[in-house]
Amino acid sequence: MNFSKADIVKNISKKSLVSAGDAKNILESFLSLIKNKSKLTSVKLSSFGSFSFKKTPKRLGRNPNTKDSYIIPELNKLNFKPSNKIKENLN
């Protein structure tokens, strides 16, 4: 099941009786807050989970078609770890 930002905006505007534009602003500011704060430290949302940045080391990659090797640079990835309550609800 795919759930897009537009679907989230529709649900926010329906349930909270705000306009779609305001709901979009709320969602965008929430996501940017998570991205910016998690660069410095882990962001924990009670009963939901925590967000943090994880560095992946540089590694050797290979193109399967041409068999050429290349270096994949070190990257920062946003990592999400669900809380135990979310895990219990899913299982």
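Brief remarks on what is shown
- Taken over the range 21-40, residues that are among the small types (Gly, Ala, Ser), surrounded by 13 or more Cβ atoms within 10 Å (Cβ to Cβ) and more than 16 Å from the chain's Cα centre (by Cα) amount to 1.
- Total residues in the range 47-91, condition part of a loop (DSSP other than H, G, I, E, B) and of a type in the set (Ser, Thr, Tyr): 3
Condition check ((1) touching an Asp or Glu at 6+ places or on another chain (Cβ under 6 Å); (2) at pLDDT 90 or above; (3) not charged (D, E, K, R)) across all residues:
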residue: Asn36; (1), (2), (3): no, no, yes
residue: Leu40; (1), (2), (3): no, no, yes
residue: Asp68; (1), (2), (3): no, yes, no
residue: Asn84; (1), (2), (3): no, yes, yes
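- Boolean, Val43 is surrounded by 15 or more Cβ atoms within 10 Å (Cβ to Cβ), in contact with a Lys or Arg (Cβ under 9 Å, 6 or more places away or on another chain), over 13 Å from Asn79 (Cβ atoms) and not aromatic (Phe, Trp, Tyr): no
- Filtered residues of the range 2-23 (kept if at negative phi and outside any helix (DSSP H, G or I)): Asn2, Phe3, Ser4, Val18, Ser19
- Identity of the residue in the range 63-91, among the hydrophobic types (A, V, I, L, M, F, W, C) and surrounded by 10 or more Cβ atoms within 10 Å (Cβ to Cβ), that ends up farthest from Ser32 (Cα to Cα): Ile72
- Thr56 vs. criteria surrounded by 10 or more Cβ atoms within 10 Å (Cβ to Cβ), over 21 Å from Lys5 (Cα atoms) and among the β-branched types (Val, Ile, Thr): yes
The values are calculated or read from the model by the stated rules, or taken from the named source; none is laboratory data. None of the values given here were measured: they were computed from a predicted structure. Counting neighbours? That spans all protein chains shown, and the Cβs are built from the backbone with ideal geometry, glycine included.
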